[in-house]
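Since the structure comes first, as structure tokens, the remarks are kept for the end.
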Amino acid sequence: MFIDNVKLGRYKHYKGKEYEVIGVAKHSETLEELVVYKFLYEDNDLWVRSRNMFLENVIVDGKEVERFKYIK
């Protein structure tokens, strides 16, 4: 299932840890779209990140990679 171009499910961050996207929310003042996700380690804390930042690519060791890569 997709919500605003973000597929729900598990992702791997480019640094190696896994997260689960559980939805997309809107900021109450700015209406900015925020990806809601939880850690799949430690205490399963909930976090948000702007949709644009969540979907962007980053440069790692001179190579462009996805910040979060969908895995299932």
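The values are calculated or read from the model by the stated rules, or taken from the named source; none is laboratory data. Treat the numbers as computed from the prediction; the structure is a model and nothing was measured. Here the Cβ is made from the backbone with ideal geometry for all residues, glycine too, and neighbour counts use every protein chain on show.
LYS17 falls short on exactly one of the conditions (1) at pLDDT 95 or above; (2) loosely packed, with under 15 Cβ neighbours inside 10 Å, and that condition is (1). Looking across segment 8-53, the residues that are touching a residue at least 24 places away in the same chain (Cβ under 8 Å), farther than 20 Å from GLU64 by Cβ, in a strand (DSSP E or B) and not hydrophobic (A, V, I, L, M, F, W, C) come down to GLY9, ARG10, GLU18, TYR19, GLU33, TYR37. Does VAL65 satisfy being part of a strand (DSSP E or B) and surrounded by 14 or more Cβ atoms within 10 Å (Cβ to Cβ)? No; evaluated as a whole, the condition is false for this residue.
So which residues in segment 54-72 are touching a residue at least 24 places away in the same chain (Cβ under 8 Å) and β-branched (Val, Ile, Thr)?
Residues of segment 54-72 touching a residue at least 24 places away in the same chain (Cβ under 8 Å): 54-55, 58, 60, 65-72.
Correct list: VAL58, VAL60, VAL65, ILE71.
Which of the residues belonging to segment 46-62 are among the polar types (S, T, N, Q) and surrounded by 12 or more Cβ atoms within 10 Å (Cβ to Cβ)?
To start, the set of residues in segment 46-62 that are among the polar types (S, T, N, Q) comprises 50, 52, 57.
Correct list: SER50 only.
A quick yes/no check of all residues on (1) over 9 Å from the mean Cα position of the chain (by Cα); (2) at pLDDT 95 or above:
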| residue | (1), (2) |
| --- | --- |
| ASN5 | yes, no |
| ALA25 | yes, no |
| LEU31 | yes, no |
| LEU40 | yes, no |
| ASP45 | yes, no |
| GLY62 | yes, yes |
| ARG67 | no, yes |
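If you go through segment 28-37, how many residues are loosely packed, with under 14 Cβ neighbours inside 10 Å and either among the aliphatic types (A, V, I, L, M) or in contact with a strand residue (DSSP E or B) (Cβ under 7 Å, 6 or more places away or on another chain) (or both)? Total meeting the criteria: 2.
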